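The structure appears right after this line, and notes come after that.
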Amino acid sequence: MFYVLEKTVQQFFRPIVWVLLLLAWYAWRQRGPSSRKSAWALYTATVVLFLSALPITGDSLFRFLEGHYTARALREVPPADAIVVLGGSTGQTSFPRLQAEEMYGSRLLPAARLLRLKKANWIVVSGGSPYRDSLGQTRTDADDMKEILIDIGVPAAAILSQSLSRTTQEDAKYTARLLKDRGIKKVILVTSAFHMPRAAMMFRKFNVEITSVPAGHEVVGHSFSFLDLFPTEESLYRTSRGVKEVLGYMYFSLFPGV
């Protein structure tokens, strides 16, 4: 009982809870006929924000996205010509971060494990978005990914870099070009599980034969807790990312030639 009380009190001190309470209070104050439209706008905004910030909302959306491709043991993945791992999981090596780190999920470790299992002879790191590091040198996501892979034991000679892309569509476009130049036809595609539906669609659009290996699942299990009914900032962020993925998938499904 004390655990439930403690956790409930903690939830009420989250900034998102106070924002929602203040929005609801202000909307309630706008009840006059002249302020009815403003009140409805505030009520709608409050409801949308509340629902978006619920753990059950963000988790359900991510479970839907992550469930498109079934997870399997890496040893069961069929061999291919190369392993393609997409950027987006590393943090920039700008002060105070002095070396490349994988900050968002886990894409590089599964790729390295696949190489050790001899599922392919190459790892292709795909990601541009140039920036200046702590020493003032220009780096890209691909540079950071390569550095991390080498640090965890992948031979530098086994890594190919594609550093022109800034979006998932460009990842597929420029990586497909690199693969074609090297005569590589079949790849194992590694990216975050929630990102895999959109990424797989893009690579198939550019005629790359892929085996999908979703990594870094964020939603595990199916248990429900009373805490899932309290809004959190983390869940709002997860919902926002999930909505972005769904909209991106829908857009390129409707306009594949764009």
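Structure summary
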quantity: Subset tally (residues that are touching a strand residue (DSSP E or B) at 6+ places or on another chain (Cβ under 9 Å), over 21 Å from residue 103 (Cα atoms) and not in a helix (DSSP H, G or I)) for the stretch 165-198; calculated: 6
quantity: Unmet criterion (only one of (1) touching a Phe, Trp or Tyr at 6+ places or on another chain (Cβ under 7 Å); (2) open to solvent by 30 Å² or more (accessible area, probe 1.4 Å); (3) at pLDDT 95 or above) for residue 82; calculated: (2)
quantity: Top-ranked residue in the stretch 99-121 [being out of contact with any strand residue (DSSP E or B) (no Cβ under 9 Å at 6 or more places or on another chain) and assigned to a loop (DSSP other than H, G, I, E, B); ranked as surrounded by the fewest Cβ atoms within 10 Å (Cβ to Cβ)]; calculated: 118
quantity: Check on residue 194, farther than 21 Å from residue 72 by Cα and open to solvent by 20 Å² or more (accessible area, probe 1.4 Å); calculated: no
quantity: Selection within the stretch 199-221 - out of contact with any helix residue (DSSP H, G or I) (no Cβ under 8 Å at 6 or more places or on another chain), assigned to a loop (DSSP other than H, G, I, E, B) and open to solvent by 50 Å² or more (accessible area, probe 1.4 Å); calculated: 220
quantity: Hey, residue 193 without any contact (Cβ under 8 Å) to a residue 40 or more places away in the chain and of a type in the set (Gly, Ala, Ser) or not; calculated: no
quantity: Where residue 168 falls short, out of the listed (1) out of contact with any Asp or Glu (no Cβ under 9 Å at 6 or more places or on another chain); (2) modelled with pLDDT of 95 or more; (3) surrounded by 21 or more Cβ atoms within 10 Å (Cβ to Cβ); calculated: (2)
quantity: Enumeration of residues in the stretch 53-93 that are in contact with a His (Cβ under 8 Å, 6 or more places away or on another chain) and within 27 Å of residue 178 (Cα to Cα); calculated: 86, 88
quantity: Scan of the stretch 122-142 for residues that are crowded, with 16+ Cβ neighbours inside 10 Å and outside any loop (DSSP other than H, G, I, E, B), ordered by number; calculated: 123, 124, 125, 126, 139, 141, 142
quantity: Residue within the stretch 248-256 that is aromatic (Phe, Trp, Tyr), more than 26 Å from residue 100 (Cα to Cα), open to solvent by 70 Å² or more (accessible area, probe 1.4 Å) and not in a helix (DSSP H, G or I) present; calculated: yes
quantity: Failed criterion for residue 165 (all others in (1) under 20 Å from residue 202 (Cβ atoms); (2) touching a residue at least 60 places away in the same chain (Cβ under 8 Å); (3) under 16 Å from the mean Cα position of the chain (by Cα) hold); calculated: (3)
quantity: Residue 47 being β-branched (Val, Ile, Thr) and either in contact (Cβ under 8 Å) with a residue 60 or more places away in the chain or in contact with a Pro (Cβ under 7 Å, 6 or more places away or on another chain) (or both); calculated: no
quantity: Enumeration of residues in the stretch 94-131 that are touching a Lys or Arg at 6+ places or on another chain (Cβ under 6 Å), under 25 Å from residue 183 (Cβ atoms) and small (Gly, Ala, Ser); calculated: 128
quantity: Residue 110 being touching a residue at least 60 places away in the same chain (Cβ under 8 Å), out of contact with any helix residue (DSSP H, G or I) (no Cβ under 6 Å at 6 or more places or on another chain) and under 20 Å from residue 175 (Cβ atoms); calculated: yes
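The values are calculated or read from the model by the stated rules, or taken from the named source; none is laboratory data. These numbers come from a predicted model, not from an experiment. Cβ: placed from backbone, ideal geometry, glycine included. Neighbour counts: every protein chain shown. These area figures cover heavy atoms from the full protein model, side chains too; ligands, DNA and RNA do not enter into them. Shrake-Rupley method; radii C 1.70, N 1.55, O 1.52, S 1.80 Å.
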